[in-house]
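The values are calculated or read from the model by the stated rules, or taken from the named source; none is laboratory data. The shown structure was predicted, so the numbers you read here are calculated from the model rather than taken from an experiment. Every residue, glycine among them, receives a Cβ derived from its backbone with ideal geometry; neighbour counts consider all protein chains shown.
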């Protein structure tokens with residue numbers, strides 16, 4: 001199976017009642033990332049985080065429950081991934097290139113995560129587009145995960 005031609009783009013968006021400056025800051029702070037980025041039912045450990053253009057990161061999302069419906073990409077209970085910040089335009093755009101650490105070729109390759117922040121009357125439209133999504137990630141699960149992270153981001157910055 002040729003996995004390169006099977007990859008896709010997933011996206012989700014949400015208006016968050018905070019300024020682009022506040023949201024951008026939440027993307028560049030390791031403690032904030034650990035608090036809001038993992039989807040519901042998961043927690044985050046950050047091993048490396050250098051938020052500057054070209055800076056690298058490495059982290060894991062672990063499942064809170066030992067029994068879950070979805071198997072992790074790296075192990076039964078975790079998704080470990082690394083990458084770098086390809087572009088950082090303050091208060092407007094964040095581009096991350098991510099690779100999952102997995103022996104399964106269905107999760108191989110670089111996925112680009114593009115987040116745009118657009119100021120609106122009542123907050124900021126946060127749009128997340130994931131390009132070149134590995135074929136092993138189910139589309140519905142991925143969209144739900146992105147939406148869950150956006151909901152957590154909203155809760156984090158709107159408090």
On the basis of being under 24 Å from residue 157 (Cβ atoms), in contact with a helix residue (DSSP H, G or I) (Cβ under 7 Å, 6 or more places away or on another chain) and modelled with pLDDT under 95, does residue 90 make the cut?
no
Would you be able to say whether some residue in the stretch 45-53 is modelled with pLDDT of 90 or more, buried (at least 19 other Cβ atoms within 10 Å of the Cβ) and more than 18 Å from residue 130 (Cα to Cα)?
no
Keeping to the stretch 66-78, report how many residues are in contact with a strand residue (DSSP E or B) (Cβ under 8 Å, 6 or more places away or on another chain) and either in a strand (DSSP E or B) or at pLDDT 95 or above (or both).
1
Of the residues in the stretch 24-43, how many are surrounded by 15 or more Cβ atoms within 10 Å (Cβ to Cβ) and farther than 22 Å from residue 140 by Cβ?
10
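Return the total of residues in the stretch 100-133 being at pLDDT 95 or above and either surrounded by fewer than 17 Cβ atoms within 10 Å (Cβ to Cβ) or under 16 Å from the mean Cα position of the chain (by Cα) (or both).
Going through the stretch 100-133 one residue at a time, the tally reaches 20.
Given the criterion modelled with pLDDT under 95, farther than 16 Å from residue 11 by Cα and either assigned to a strand (DSSP E or B) or in contact with a helix residue (DSSP H, G or I) (Cβ under 7 Å, 6 or more places away or on another chain) (or both), identify the matching residue among 61, 57.
On the way: 57 fails: modelled with pLDDT under 95.
Unique residue meeting the criteria: 61.
Could you pull out the residue among 25, 35, 13 that is part of a helix (DSSP H, G or I), under 19 Å from residue 156 (Cα atoms), within 13 Å of the chain's Cα centre (by Cα) and modelled with pLDDT of 95 or more?
On the way: 25 fails: within 13 Å of the chain's Cα centre (by Cα); 13 fails: part of a helix (DSSP H, G or I).
None of the others qualify; the one that does is 35.
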